[in-house]
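Below is one structure, written out as structure tokens; the observations come after it.
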Amino acid sequence: MTDLWTDTETATPLEVADPQVWEALQRERRRQQHTIELIASENHVSAAVMEATGSIFTNKYAEGYPRHRHYGGCDYMDQIEDLARERARELFHAEHVNVQPHCGSSANMAVYMACLKPGDTIMAMDLAQGGHLTHGSRASFSGKLYRIVSYGVDPKTEQLDMAEIRRIAREHNPDLIVTGASVYSRTIDFEAFAEIAEEFDALLMADIAHIAGLVAADLHPSPIKWCDFVTTTTHKTLRGPRSGMIMCKKQWASAVDKTVFPGIQGGPLMHVIAAKAVAFGEALRPDFRAYQQNILTNAQAMCEALRSHGFRMVGGGTDNHLMLVDLRSNHPAVTGRHAEVWLERAGIIINRNMIPFDERKQSETSGIRLGTPATTTRGMGPSEMATIAGWINDILSAHGNPIAIEQVHQQVVALCDQFPLPH
Ligand SMILES: *Cc1c(COP(=O)(O)O)cnc(C)c1O
């Protein structure tokens with residue numbers, strides 16, 4: 001605690017009122033500054049998004065929707081929610097947008113409840129093969145309230161097999177097909193999903209939580225015209241505040257809005273909606289496309305460098321911002337959990353992840369998932385990606401030897417100092 005001390009002249013209100021929370025905040029800031037963030041679902045928001053998130057908009061109740069609120073004093077709430085909705089519509093060319101879901105999971109919940117009854121059938125990607133908890137895991141409301149039919153990837157290609165997905169749809173007649181994933185590194189063919197949904201008379205939802213930034217920048221095909229619903233988080237590649245959003249066809253607008261509020265939520269988080277408006281404004285500018293392109297370039301560089309060290313990429317490579325690395329290829333005795341722990345000690349933050357048909361448990365795993373959105377935000381480029389890939393290999397090759405970790409750690413801190421955070 002000696003490195004954190006309170007100067008009564010310059011102390012912030014938080015520092016004075018709650019030294020424990022303030023201290024955790026200082027330490028977390030330092031952690032973010034001095035670590036390399038490779039968790040594919042994380043990013044660093046701009047100072048402007050941060051300012052809106054931490055603003056007095058948090059004080060206001062605004063249940064309802066613009067011009068139809070249940071509270072007085074909502075003029076500026078209407079303004080910011082309209083801005084967020086209009087910018088999102090423009091960004092994704094959506095017919096209708098609801099910016100009130102608190103997170104990606106509640107966006108998915110609202111869509112399911114808007115178009116299904118409990119017991120109806122949802123067909124979605126298996127969690128163990130790349131799907132999300134809300135795609136039917138038994139631990140989630142989705143797996144408890146609905147009948148779930150899962151699809152995965154082809155055992156050989158480790159990619160989606162549309163013929164097999166069509167076969168499963170034919171066999172089970174789902175009411176809703178969900179496409180989208182948390183751990184899938186190849187392009188998703190939304191048009192092919194739409195053909196299957198149409199053939200078997202199912203509704204179609206795309207969950208683009210991970211790839212929303214790439215979709216907004218036209219660097220991944222958009223699902224908008226093919227789907228009844230598109231849900232997303234706003235904090236992954238899209239680089240906004242931690243939150244969610246639903247886009248849908250006009251005929252679903254009223255059902256979706258009623259399901260979000262009053263169906264499953266109360267007052268919207270207006271400070272977060274303000275931050276979403278700011279982030280969507282940023283995403284509409286040309287430099288956002290350049291940022292997304294750099295994410296892809298960095299993912300390619302990381303992938304190539306890892307390959308040069310003998311790592312195998314699940315699915316044969318990456319078309320987007322993330323890759324799933326099979327550790328068995330060159331480090332058969334190292335589990336994903338080992339990698340996660342050792343790399344964190346060196347200041348490289350990743351998450352362990354099951355690979356398709358993994359023989360190891362979820363707590364161990366044979367894979368690690370790496371993504372480039374956060375390092376790209378800091379301004380790192382392909383040469384830094386190659387360097388980091390080398391460090392990852394060094395640490396795993398040394399089986400987490402403390403001297404090897406310390407050597408890499410010093411270099412990680414030096415690299416981070418060259419690439420400050422945006423705030
Ligand atoms: C991250 C993610 C979500 C949910 O996000 P939360 O904001 O954490 O609820 C939903 N779907 C997919 C595919 C995701 O990757």
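Being open to solvent by less than 10 Å² (accessible area, probe 1.4 Å) and touching a strand residue (DSSP E or B) at 6+ places or on another chain (Cβ under 8 Å) is not true of A346. Scanning the stretch 72-86 for residues that are within 24 Å of the chain's Cα centre (by Cα) and open to solvent by 60 Å² or more (accessible area, probe 1.4 Å) yields L83, E86. Annotation: of all residues in the stretch 87-130 being closer than 14 Å to T179 by Cα and open to solvent by 40 Å² or more (accessible area, probe 1.4 Å), the one that is nearest to the ligand (Cβ to nearest atom) is L127.
Scanning the stretch 205-240 for residues that are part of a loop (DSSP other than H, G, I, E, B), more than 10 Å from the ligand (Cβ to nearest atom) and surrounded by 24 or more Cβ atoms within 10 Å (Cβ to Cβ) yields P223, C227, T237, L238, R239, G240. When A386, A404 are checked against the criterion of being in a helix (DSSP H, G or I) and in contact (Cβ under 8 Å) with a residue 24 or more places away in the chain, a single residue qualifies: A386. The one condition from (1) in the same structural domain as V230 (by TED's automatic domain parsing); (2) buried (at least 17 other Cβ atoms within 10 Å of the Cβ) that V45 does not meet is (1). Condition first: surrounded by fewer than 17 Cβ atoms within 10 Å (Cβ to Cβ) and under 28 Å from the mean Cα position of the chain (by Cα). Now tell me which residues in the stretch 388-410 satisfy that. Of everything in the stretch 388-410, just one residue is surrounded by fewer than 17 Cβ atoms within 10 Å (Cβ to Cβ) and under 28 Å from the mean Cα position of the chain (by Cα), namely G390.
Which of the residues that make up the stretch 313-334 are over 24 Å from V215 (Cβ atoms) and open to solvent by 10 Å² or more (accessible area, probe 1.4 Å)? Residues satisfying the conditions are R328, S329, N330, H331, P332, A333.
Within the stretch 241-267, restricting attention to residues that are open to solvent by 10 Å² or more (accessible area, probe 1.4 Å) and of a type in the set (S, T, Y), the residue that is farthest from the ligand (Cβ to nearest atom) is S254. Among the conditions (1) open to solvent by less than 70 Å² (accessible area, probe 1.4 Å); (2) over 21 Å from M313 (Cβ atoms); (3) not in a helix (DSSP H, G or I), A197 misses just one, which is (3).
Listed here are the residues, each with its yes/no results for (1) in contact (Cβ under 8 Å) with a residue 60 or more places away in the chain; (2) within 30 Å of A253 (Cα to Cα).
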| site | (1), (2) |
| --- | --- |
| E15 | no, no |
| P19 | no, no |
| L25 | no, no |
| E37 | yes, no |
| K60 | yes, yes |
| Y65 | yes, yes |
| H68 | no, yes |
| I80 | yes, yes |
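Screening K144 on (1) open to solvent by 60 Å² or more (accessible area, probe 1.4 Å); (2) under 27 Å from K276 (Cβ atoms) shows it passes everything except condition (2).
Could you check, for the stretch 283-302, whether at least one of its residues is assigned to a helix (DSSP H, G or I), of a type in the set (F, W, Y) and in contact (Cβ under 8 Å) with a residue 12 or more places away in the chain? Scanning the stretch 283-302 turns up at least one residue that is assigned to a helix (DSSP H, G or I), of a type in the set (F, W, Y) and in contact (Cβ under 8 Å) with a residue 12 or more places away in the chain. So is R69 in contact with a helix residue (DSSP H, G or I) (Cβ under 9 Å, 6 or more places away or on another chain), not polar (S, T, N, Q) and not assigned by TED's automatic domain parsing to the domain that holds W391 or not? Criteria met by R69. Checking P174, P241, P221 one by one, the residue that is touching a residue at least 40 places away in the same chain (Cβ under 8 Å) and farther than 19 Å from A275 by Cα is P174 and no other.
Please find, within the stretch 69-83, the residue that is farthest from the ligand (Cβ to nearest atom) out of those that are in a helix (DSSP H, G or I) and not aliphatic (A, V, I, L, M). It comes out as D75.
The values are calculated or read from the model by the stated rules, or taken from the named source; none is laboratory data. Computed from a prediction, not measured in an experiment: that's the story for all the values here. Cβ sites come from the backbone with ideal geometry, for glycine too, and all protein chains shown count toward neighbours. Remember, those area values only see protein heavy atoms, side chains included, never the ligands or the DNA or RNA. Shrake-Rupley method; radii C 1.70, N 1.55, O 1.52, S 1.80 Å.
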